[in-house]
Amino acid sequence: MLNDLAAQGRQEHLPGPVQQAAQTEDHLFTFTTENGTRLLLHVLSDKILRFRYLTPDSPAAPDFSYAVPGPDEAHPLRPQAPTFLEFKEKTDHYRITTARLICIVWKDSLRTRVLDRSGNLLGGDEKGFHWHHDYDTGNDIVKMSQQVPSGVCYYGLGDKPANMNLRGQRFCNWGSDTYGYVKGSDPLYKNIPFFHVLQQRIAHGIFFDNTFKAFFDFAAERADVTSFWAEGGEMNYYFIYGPSLLEVTQEYTRLTCPPPLPPLWTLGYHQCKWSYFPASNVQAIASGLRERRIPCDAIYLDIDYMDGYRCFTWHPQHFPEPKRMVQELAADGFKTVVIIDPGIKIDPAYPVYQEGIKNDFFCRRADGPLMKGSVWPGQCNFPDYTRPEVREWWAGLFEGLIKDVGVKGVWNDMNEPAVFEKGTFPDDVRFGYDGQPTSHRKAHNIYGMQMARATNDGVARFSYPDRPFTITRSTYAGGQRYSSGWTGDNIASWDHLWLANIQCQRLSISGFSFIGSDIGGFIDTPNGELYSRWIALGAFHPFFRTHSSGDHGDQEPWSFGEPFTSLVRHFIELRYQLLPYVYTTFWQYSTQGTPMLRPLTFLDQNDPETYLRMAEFSLGDHLLVCPITQAGADGRWMYLPKGDWYYYWTDEARAGGAEVWASADLTRIPLFVKAGAVVPMQPVMQYVGEQVVEELTLHVYYKNGTAQSVHYDDGGEGYAYQEGQQTTRRFTVTGDAQALTIRQEIAGAYQPSYATYRVVLHGLPTAPQAVLADAQPVPLGEYPATETTVAAPAAVVSVGFGEVKIEFAAPVAEGLAKS
Ligand code: GLC
């Protein structure tokens, strides 16, 4: 079996020469080597190739994945079968060609190489697939090593608190409870084995769908080799072609399935602390927000709402009438979200424990005893969420919280799983793993994801006809289908504000866009300046929540006094105004897999200036943000991608492809809007649905040329949108020296509450003279200046308009402009 003498000492095995190659199914090719290694190469689409290697001794395990939904599961964006597929045998290799890719399998070694149809080399094996046997576990450690051409950059991999470009670093995926992590800590909570490779301006992705403890070495050990391996399971990876980085994320997200739309309120502001109790304190926080006119949609109950930390109970003294409290909060626009951990207190008098024991739903050790570990309630047992019947039971447990009490969302924590004794479960703990019983070594990395899945099923069932909301700390690839997330127990420091920015971008490009950080920091207390800067960044993160560990002091929007309370209010108000834009961006994520947060490199991978910068990112198509992460700063240098931009606060035009100084005292965050953009905004309100939106504001940014924008709307709640009650409004903006026109194409049956748009015109090259809506003159008015933004011309038009034309006062003649 050993065919590489040099490797013998390390007991390393290589596949050796190919003996047989055949097309075994429609889109599947099987290569068998002399020593019995097999490569099943599955062409999922023109852009996605799956490489699944089976070692000689391993019987093919059932083809099962928690990340990629199976053929029976609902999956609206499943990859489309290849439109072109050709298989050829050449002298020294086999060649598989799709409409976009060429894959070469070398006969002498089973190594592979992938090129695009123009012949650009995208990826090539170094040693390729190899493995060694681990005596202690009996598993094969499966490895892949690939060549690293010069200049290559790597991105993605979930929540890693490291520089955006992963090159030169090594990481591990083994979800861990990492209280007070710092830059460079690894692993953290989430396990997303997917990364991007950018080489010669062409991007592809690698998704290593293996749930065992896995490692990724991006040219760290050897500068010319990138490798990834896992302590068991199969070498099973997907090669995902872009060619743009954005498309790589889209393809990966579609493969693992994006989430459905959340209720709109979940994109509002959330207030959380460990812990708000008793009920009177929760009420006081809620009234504190309303009295100070600080918009907020959700208020959280951390572990102290429970009776002795028993999940699905209420503390009899602190929360004697939970239903009444939740109703009162709801009357004031607050949605109540409660924490639920996996540890079930060992207490014979506790019904959830009794049911778990009676039905044998808890995890067991290899020799039979129940898995016992300490978490907040003391000694606990833990549900095995990898068994469908346990998930079903767990989902059913939410009836009381959701249906009876009226809780609107559930927050899953400690689900790495975390225990106090040794961090997590011992390796021998057994799991059902949906019909393929296994140990903790294989199930660890999907425990949190399966818990969130069961939770979300329950929340969805009992919230119907409303949409569910779940948040999780741990997850695996594909977990975005079930839950939002946060980046865990960070610290109130400027370094952590920087990290929050990087981590949220990274998660977003890793398919997990519904993400935010504990604003202000979980551990320690920020000062007013840090907190306001963090709120300003959080206003551009999909999940927007302040959370802190209570023993370090208060962290409510008003805790730092003036001017900070007003600053915080100002950014939360801006978020509420931007909700139509944020929701549209979520819809793009949900329907196309497009990441909501896009790092600078993703905005222009043809511009190498973007490769090593990481603070700048866009939220959606048009807003470029760059947080201030330094105390005492009144602005910062940042890079604008090529194209024309406007500074949001002043409407000042700036040319991209250059570094610019963004002046930003505490009332501003560096924020630029792309020329040609149409940004829909709504009035400030204290919570989603507080007011009926009677007029939507369309902020239109002049461009000399043409640009597209979209606005999606469906009312933001319920499921009618899946039956056609939704509207997409596509805007085409075209500007020249004489005029600016905005064309609108409307599709869909949803009738919004607003009948008019206030079209606000930014960056016009000269004063507008007339506005015509579908050829009818419309009065020209002014959109007033605010404390932080400038006045701009505006006109009110009907939402049904086909074309709005703004004619300029003095046409700039060609010759004149030049003289
Ligand atoms: C964990 C969570 C934190 C939560 C705390 C108490 O540390 O990460 O968000 O507040 O547990 O439940």
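Just so it is clear, none of the values below were taken in a lab; they were calculated from the coordinates. As the structure is a computational prediction, the values presented were derived from the model and not from experiment. All Cβ positions, even for glycine, are placed from backbone atoms using ideal geometry, and neighbour counts span all protein chains on display.
Data for the structure
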read-out	value
Net length gained if the chain between A810 and Y464 were fully extended (0.36 nm per residue, minus Cα distance)	118.8 nm
Residue list for the range 415-436, given a label point 7 angstrom along the Cα-to-Cβ vector of A61 and an amide N cut-off under 13 Å	431-436
Karplus-derived 3J(HN,Hα), 6.51/-1.76/1.60, for each residue of the range 796-804, Hz, glycine and proline x	9, 10, 6, 5, x, 4, x, 8, 10
Extension reserve of the E787-D367 stretch, reckoned as 0.36 nm per residue once the Cα distance is removed	144.4 nm
Two-site FRET efficiency, A74 against Y750, from Cβ-Cβ distance with R₀ of 30 Å, rounded to 0.05	0.85
The range 293-308 versus the range 532-583: alpha-carbon centroid distance in Å	16 Å
Approximate spin-label separation N120-K88, in nm, with each point projected 7 Å along Cα-to-Cβ	2.2 nm
Dipole of the chain, positive direction: furthest Cα of Y179, M144, V679, with charges on the beta-carbon	M144
Note, ³J(HN,Hα) from phi for the range 287-300, Karplus 6.51, -1.76, 1.60, rounded to Hz, x at Gly and Pro	5, x, 5, 5, 4, 8, 6, 9, x, 6, 10, 9, 10, 10
Dipole magnitude of the range 467-587, debye to nearest 20 (Cβ charges: Lys/Arg +1, Asp/Glu -1, about Cα centre)	680 debye
Test item: Cα-centred dipole of the chain, Lys/Arg +1 and Asp/Glu -1 on Cβ, debye	880 debye
Where a label projected 7 Å from the Cα of Q436 along Cα→Cβ would reach, residues of the range 358-386 with amide N under 12 Å	none
The chain, helix-only ellipticity at 222 nm - DSSP H runs n ≥ 4, -39,500 (n - 2.57), divided by all residues, nearest 500	-5500 deg cm²/dmol
The range 380-413 residues near the modelled D347 label - backbone nitrogen below 17 Å, point 7 Å along Cα→Cβ	380-383, 401
Virtual spin-label span in nm between E723 and I357, 7 Å along Cα→Cβ	4.6 nm
For the range 85-95, 3J(HN,Hα) per residue [Karplus equation, 6.51 cos²θ - 1.76 cosθ + 1.60, θ = phi - 60°, Hz, x = Gly/Pro]	8, 9, 10, 9, 9, 10, 4, 10, 7, 9, 9
Amide H contacts of G643 (H built 1.01 Å from N, under 5 Å, at least 5 apart or other chain)	G656, G657
Gyration tensor (alpha-carbon) shape descriptor, the range 34-127, a/c threshold 1.5	oblate
Among L115, A67, G16 - extreme Cα towards positive end, dipole of the range 1-132, charges at beta-carbon	L115
Kirkwood Rh, angstrom, the range 555-665 [1 / mean 1/r, Cα pairs]	15.7 Å
Spacing of the two label points (7 Å from each Cα toward its C-beta) at K403 and T137, in nm	4.1 nm
Unit charges at the beta carbon, dipole of the chain: most positive-side option, F564, Y719, Y53	Y53
Tensor-based shape of the chain (alpha-carbon gyration tensor, a/c under 1.5 rounded, otherwise prolate or oblate)	oblate
15 Å beta-carbon shell around Q722, net charge (K/R +1, D/E -1)	-4
